[in-house]
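Below is one structure, written out as structure tokens, with a few remarks after it.
The values are calculated or read from the model by the stated rules, or taken from the named source; none is laboratory data. On a predicted model such as this, the values are computed, not experimentally measured, just so you know. Here the Cβ positions follow ideal geometry from the backbone for every residue, glycine too, while neighbour counts run over all protein chains shown.
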Amino acid sequence: MSKYTEDDLREELKTKEYEYGFYTDIESETFPNGLNEDIVRAISKKKEEPEWMTDWRIEAYRIWEKMEEPEWANVHYKKPDFQGISYYSAPNSKPKYDSIDEVDPELLATFEKLGISLDEQKKLAGVAMDVVVDSVSVATTFKKTLAEQGIIFMSISEAIKEHPELVKKYIGTVVPQKDNFYAALNSAVFSDGSFCYIPKGVRCPMELSTYFRINQAGTGQFERTLVIADQGSYVSYLEGCTAPSRDENQLHAAVVELIALDDAEIKYSTVQNWFPGNAEGKGGVYNFVTKRGLCETNAKISWTQVETGSAVTWKYPSCILKGDNSVGEFYSIAVTNNYQQADTGTKMIHLGNNTKSTIISKGISAGQSQNSYRGLVQVSSRAKNARNFSQCDSLLMGNACGAHTFPYIEANNKTAKIEHEATTSKIGEDQIFYCNQRGIDTEKAIALIVNGFSKEVLNKLPMEFAVEAQKLLEISLEGSVG
Amino acid sequence: MDLKEKLVSSFLAFENEVNIDAFVHDVRTDAIKIFEEKGFPTKKEEAWKYTSLNTVLKEDYSVFPKQESALDYKDVKKYFIHDIDTYKIIFIDGKYSSHLSQTTHGGIDVCLMSSALSKPKYQPIIENYFNKAAEKDSLSALNTAFSNEGAYIHIPKNKVVEKPIQIIHFATGNESATMLQPRNLVVVEENSHVQIIERHQNLTQNPVLTNSVTEIFAEKRAIVDYYKIQNDNANASLIDNTFIKQDRESLASVHTFSFGGKLTRNNLNFYQEGERMDSTLKGITIIGDKQHVDHNTLVHHIEPNCESHQDYKGIFSDKATGVFNGKVVVEKEAQKTNAFQANNNILLSDKASINTKPQLEIFADDVKCSHGCTIGQLDESAMFYMRSRGIPEKEAKALLMFAFTNNVLESVKIPELKQRITKIIADKLGVDIGFDL
């Protein structure tokens with residue numbers, strides 16, 4: 001009989017090092033540290049942007065200057081020095097590649113270490129990759145297949161040049177520049193990101209995916225993603241992140257805007273595994289992300305996220321259910337270990353009639369970590385028959401960690417039906433005993449239980465991603481997930 | 001002059017007027033400093049996000065009602081739980097009314113805060129307990145600074161108080177607008193048992209603002225049941241701050257019945273400072289018009305093997321607004337805690353709204369904590385069932401709503417009080433049926 005106990009698991013968690021901590025030496029062109037209007041202009045110029053874009057960035061910068069860093073979240077960290085960050089770095093081998101052979105071999109090796117080699121991805125048909133390393137898109141695949149359907153999938157800087165009318169129309173409509181401190185910062189300095197447009201009635205034939213990596217020492221990464229699903233279209237979008245080990249804290253402030261027009265559906269899945277800091281809580285990525293989607297009539301937006309990395313996470317993928325009969329969903333697993341802190345959740349704003357939202361949030365905390373769910377369900381006085389179901393479950397491992405729930409529920413219409421439930425517990429000894437009795441050793445039992453605990457969310461991930469999500473859970477909670 | 005300035009500047013005059021010992025004087029002087037620094041809470045504070053005091057604070061309140069007024073028992077009888085024998089501590093415009101009261105010093109002390117604060121006999125208790133449970137927030141501090149009158153209840157070891165104690169605060173409206181700051185202290189020693197019913201009643205159309213603080217200490221194995229009836233008129237606002245410190249194996253419960261008043265804010269805080277105890281927080285809120293009720297609860301689990309149960313039901317019609325902000329904190333040492341929190345609401349009108357925020361903050365791993373919160377409507381099939389059996393719509397609705405609140409009523413231990421609450425509910429729902437049949 002194995003003597004593996006929760007204490008052993010904790011011990012293992014402590015010693016488990018970040019496996020993906022490596023650093024690729026690609027010559028980068030990096031801006032000097034600091035931020036002012038000139039830097040913003042320089043970024044814009046560097047990217048050969050039209051004037052309206054430059055103005056838009058400057059406007060955001062001026063708003064940002066006047067804002068203060070928010071402090072309401074249940075996280076504690078040393079405030080980043082915004083003048084000590086370089087706001088632009090691009091890999092040097094700038095020209096676009098037509099074939100995979102032209103890509104910097106060192107870069108390819110990096111991806112191979114991550115287990116996501118482009119070759120493999122290419123062969124895996126159905127996954128198109130817009131690979132982002134240090135802010136500039138260096139490889140785009142399957143663009144042709146997509147173009148046949150009229151789907152636009154490119155980096156946002158390309159889109160600004162090639163489809164300015166679409167970008168101009170939609171950028172900042174869901175997350176305005178003044179939305180919050182980090183959104184304003186991002187609007188001013190965003191370096192690159194993805195842009196996706198699905199035309200009317202088109203069902204995107206493959207999962208679209210982007211990899212974000214923070215690679216250059218001391219570079220902040222400010223991604224901007226804009227996904228537009230035109231009437232009656234469907235897209236499933238995947239976003240995955242890993243970052244190399246680094247001692248100083250790195251800042252990541254991304255903005256993701258989703259727009260689902262009438263009858264459209266967007267499924268947005270994220271696996272986030274940035275460097276969480278070492279066992280003493282040193283280093284790690286600060287992840288302050290604003291993600292929001294807008295649903296028109298009969299539209300649906302579904303957010304699925306697996307959050308295992310980052311030293312500090314501050315992230316609330318939200319849905320504005322503007323149109324009648326629109327649907328918002330949020331499925332999340334947040335795992336924190338060592339000294340990680342996560343304050344994550346969602347906002348569901350019901351504005352239209354017969355709108356529905358579902359929130360399933362699973363938090364697992366171990367080590368010295370703090371894991372918070374913070375959510376808002378708001379039903380406006382004109383939203384008839386709004387329906388919400390929320391469930392937040394927390395699993396605690398060890399008594400040095402904490403799990404917190406801060407749900408805000410605001411109902412202003414009598415026809416609203418809202419249910420919220422939350423539970424907090426540890427892995428029951430009776431459950432382990434039950435498994436042991438049936439010949440399942442404790443390690444496997446814990447794995448079974450954690451797996452079962454997160455299953456509702458893992459099931460929502462697309463096949464290609466579910467495998468990776470499992471892998472990432474393994475890193476974070478080695479020994480507990482089979 | 002706004003209310004804050006008025007209160008701060010009248011503090012010195014107040015200190016000269018009352019006869020108190022040095023200990024309480026120091027406590028009060030510290031408290032006014034806290035209030036002066038913090039001022040009245042605004043919506044910017046997280047705990048006051050959904051409740052604004054602005055409309056309440058703009059009245060020109062008289063801070064020390066001067067005139068003594070008397071009331072005839074027969075005129076106010078309906079506000080008493082009169083069908084059972086009780087101890088009574090009655091205040092009119094903040095002044096003690098010996099005529100309506102029935103106090104005792106026989107084995108237990110059921111008397112006045114003013115005498116407890118001034119007589120040396122009570123000094124040890126006052127120094128041990130006074131202001132020891134209250135938080136240092138601005139409103140509690142304000143009350144502390146002006147604490148003078150209220151109920152003082154001290155139950156020594158091994159006593160079961162044979163009848164409930166009623167505390168009623170009447171406002172007669174002799175002054176145009178009155179601010180009252182009653183201060184109650186309840187100390188229940190080992191193995192003792194007490195039941196208390198508290199009520200605030202405005203008898204006129206003049207505005208009244210009550211900022212009340214109640215400190216309750218439940219020592220080892222003590223049992224304390226506290227019932228609050230809040231069924232005031234549309235000009236009365238109440239900020240009720242209740243702090244309960246429990247020692248090991250004690251049982252404490254607070255039931256809050258909020259049926260009226262312009263603005264009601266209940267700050268209810270439980271601190272569990274021992275093992276194997278149980279705290280119960282329950283409430284029924286049925287309001288309409290433009291009324292506002294805000295329940296702000298905190299249960300702080302500090303030691304292992306404790307339980308807490310929270311159950312709040314709310315029914316909101318017209319333009320009423322409700323707030324529930326419940327917080328459960330489980331400290332690292334508080335293993336094997338079992339904390340349960342539920343908040344269920346029914347909205348009856350499109351103008352009514354409810355904001356609820358049930359929070360859990362958990363630092364221990366071996367715990368069972370859950371909270372649930374629902375907002376919904378009456379079950380249409382149940383309505384249809386009753387209508388098809390000849391029950392009129394209004395009565396059918398009332399029956400369903402009564403059933404909805406019944407969980408809370410069930411745990412009321414004084415049958416006469418339960419009957420009275422049932423009657424008030426029937427009245428609120430506009431029906432004339434006896435639910436207890």
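The residue of segment A:253-303 that is modelled with the lowest pLDDT, among those that are of a type in the set (S, T, N, Q) and surrounded by fewer than 24 Cβ atoms within 10 Å (Cβ to Cβ), is A:278. Counting the residues of segment A:142-158 that are touching a Leu at 6+ places or on another chain (Cβ under 7 Å) and either assigned to a helix (DSSP H, G or I) or surrounded by fewer than 19 Cβ atoms within 10 Å (Cβ to Cβ) (or both) gives 1. Restricting attention to segment A:367-379, does a residue exist that is farther than 20 Å from residue A:330 by Cα, without any contact (Cβ under 8 Å) to a residue 40 or more places away in the chain and either within 7 Å of chain B (Cβ to nearest Cβ) or basic (Lys, Arg) (or both)? Checked against the condition, which is being farther than 20 Å from residue A:330 by Cα, without any contact (Cβ under 8 Å) to a residue 40 or more places away in the chain and either within 7 Å of chain B (Cβ to nearest Cβ) or basic (Lys, Arg) (or both), segment A:367-379 yields no hits at all. Residue selection: residue B:382 satisfies the criterion of being more than 30 Å from residue B:85 (Cβ to Cβ) and of a type outside the set (D, E, K, R). Condition (residue is more than 13 Å from every other protein chain (Cβ to nearest Cβ) and touching a helix residue (DSSP H, G or I) at 6+ places or on another chain (Cβ under 8 Å)) applied to segment B:338-351: is it met by at least one residue? For segment B:338-351, residues more than 13 Å from every other protein chain (Cβ to nearest Cβ) and touching a helix residue (DSSP H, G or I) at 6+ places or on another chain (Cβ under 8 Å): absent. Mind checking whether some residue in segment B:366-379 is more than 7 Å from every other protein chain (Cβ to nearest Cβ) and either farther than 24 Å from residue B:279 by Cβ or in a helix (DSSP H, G or I) (or both)? Checked segment B:366-379: at least one residue is more than 7 Å from every other protein chain (Cβ to nearest Cβ) and either farther than 24 Å from residue B:279 by Cβ or in a helix (DSSP H, G or I) (or both). Per the conditions (1) touching a strand residue (DSSP E or B) at 6+ places or on another chain (Cβ under 6 Å); (2) more than 10 Å from chain A (Cβ to nearest Cβ), the sole criterion not satisfied by residue B:418 is (1).
Scanning segment A:327-346 for residues that are of a type in the set (S, T, N, Q) and free of Cβ contacts under 8 Å to residues at least 60 places away in the same chain turns up A:344, A:346. For the residues B:295, B:309, B:300, the requirement of being surrounded by fewer than 24 Cβ atoms within 10 Å (Cβ to Cβ) and within 20 Å of residue B:404 (Cα to Cα) singles out B:309. Within segment A:177-191, being over 15 Å from residue A:35 (Cβ atoms) and surrounded by 24 or more Cβ atoms within 10 Å (Cβ to Cβ) holds for one residue alone: A:183.
The rows are residues; the columns are (1) within 18 Å of residue B:259 (Cα to Cα); (2) crowded, with 17+ Cβ neighbours inside 10 Å; (3) among the hydroxyl-bearing types (Ser, Thr, Tyr).
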residue	(1), (2), (3)
B:393	no, no, no
B:399	yes, yes, no
B:405	yes, yes, yes
B:408	yes, yes, no
B:411	no, no, yes
B:415	no, no, no
B:422	yes, yes, yes
B:428	yes, yes, no
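Only one of the numbered conditions (1) in a strand (DSSP E or B); (2) over 25 Å from residue B:49 (Cα atoms); (3) not hydroxyl-bearing (Ser, Thr, Tyr) is violated by residue B:254, and that is (2). Looking only at residues of segment B:145-161 that are at pLDDT 90 or above and surrounded by fewer than 24 Cβ atoms within 10 Å (Cβ to Cβ), we find that the one that is nearest to the chain's Cα centre (by Cα) is B:154. A single entry from B:237, B:140, B:212, B:147 fulfils the requirement of being part of a helix (DSSP H, G or I) and among the hydroxyl-bearing types (Ser, Thr, Tyr): B:140. Exactly one residue out of B:411, B:353, B:370 is among the polar types (S, T, N, Q) and over 30 Å from residue B:193 (Cα atoms): that is B:353.
When segment A:19-46 is limited to residues that are at pLDDT 80 or above and part of a loop (DSSP other than H, G, I, E, B), the one that is farthest from the chain's Cα centre (by Cα) turns out to be A:36.
Scanning segment A:386-403 for residues that are part of a strand (DSSP E or B) and of a type outside the set (Gly, Ala, Ser) yields A:387, A:388, A:389, A:391, A:392, A:393, A:395, A:396. If the condition is being more than 7 Å from chain B (Cβ to nearest Cβ) and either charged (D, E, K, R) or more than 24 Å from the chain's Cα centre (by Cα) (or both), then segment A:387-407 contributes A:387, A:393, A:400.
None of A:419, A:410 is crowded, with 19+ Cβ neighbours inside 10 Å and either under 21 Å from residue B:374 (Cα atoms) or within 13 Å of chain B (Cβ to nearest Cβ) (or both) except A:410. Scanning segment A:72-87 for residues that are aromatic (Phe, Trp, Tyr) and either in contact with a strand residue (DSSP E or B) (Cβ under 8 Å, 6 or more places away or on another chain) or surrounded by 13 or more Cβ atoms within 10 Å (Cβ to Cβ) (or both) yields A:77, A:82, A:87. Out of the residues in segment A:422-434 that are of a type in the set (A, V, I, L, M, F, W, C) and more than 30 Å from residue B:319 (Cα to Cα), which is nearest to the other protein chains (Cβ to nearest Cβ)? Looking at the filtered set, the residue picked out is A:427.
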